[in-house]
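The block underneath contains the structure these notes are about, expressed in structure tokens.
The values are calculated or read from the model by the stated rules, or taken from the named source; none is laboratory data. Note that the coordinates shown come from a computational prediction; the quantities given were computed from them, not determined experimentally. Cβ atoms come from the backbone with ideal geometry, glycine included; neighbour counts cover every protein chain shown. For accessibility, only protein heavy atoms count, side chains too; no ligands or nucleic acids. Shrake-Rupley method; radii C 1.70, N 1.55, O 1.52, S 1.80 Å.
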Amino acid sequence: RTSSPPSNNNNKNDDDVGGYDISIPFGTYHQQYRLSTSPNSFDGPLLAVGVVDLLPTCLSSVYAFYDPRLSTHLELGKYTALREIEWVRRAMQLRVDLHYYYLGYYIHSCQKMIYKAEYKPSELLCPVNLKWVDFEVAKRVLEERSPVRHCAPLWDESLEEEDTGADVDCDVAVAQTWTCEKPKKKRVGFDNDIDDVAIDIGAGAYVSVGHLNEEGRTLIDPIVHEFVREVGIDMCDNLVIKLA
């Protein structure tokens, strides 16, 4: 059961049951999840809390915390997210401007954020061009253009003719904001030979890229080129790339 602050609306909607309270005003809320001893009671132990911001166009999921002992089996984090999505679905019938469930920042290489991609359909906001891009399109762009750091604009003119998911036809659209630094300008000399870039191959051994065989170059060159693109060719003279 979900607990939300009481509504200021005297004409409660039929969906204001089961803890959904879709008539509540804009603001920040703590949704409490408890085990109850009866359908009309709210006196059981606290299992989880979902912190949300209710805004005109979206419900923003700020944070969730829960009993780790129970979550091992019940996946309470996912449960709170599904309840929040259901809240948006119901509230859309009353709030004409409400369309989105916002999950916050997304970092593709962060394992703790991968779960956000499980809620579909969803979109990522490109931080460079401020365009909403379908998650599957954005994922492909990240993995193709920046396979190591996953840091690249999600939208540009070359993708303009593709389906970027600007119009999502679904009950609730899941919105996320992807974050990275703005891409640095490509410096003159970026295509210079990277043979002298040093690599830590473990056990205290260092080699330069130029000493690798053809198979090694095929594997390492894309990583080194991306590293050089991010830090600059001049900085590489004073750095060693450690391979994880």
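Label separation (residue 114 vs residue 93): 3.8 nm, computed from points 7 Å beyond Cα along the C-beta direction.
Each label was represented as a point 7 Å from its Cα along the Cα-to-Cβ direction; for residue 73 and residue 36 these points are 2.3 nm apart. Using a simple spin-label model with pseudo-atoms 7 Å out from Cα toward Cβ, residue 195 and residue 234 lie 2.4 nm apart. The Cα center of segment 26-69 and the Cα center of segment 91-134 differ in position by 20 Å.
Among the listed pairs 78/139; 120/242; 131/242, which are separated by more than 26 Å between their Cα atoms? In this structure, 120/242; 131/242 lie more than 26 Å apart at Cα.
For the set 51, 224, solvent exposure ranked by accessible area (probe 1.4 Å, protein chains only) runs largest to smallest as 51, 224.
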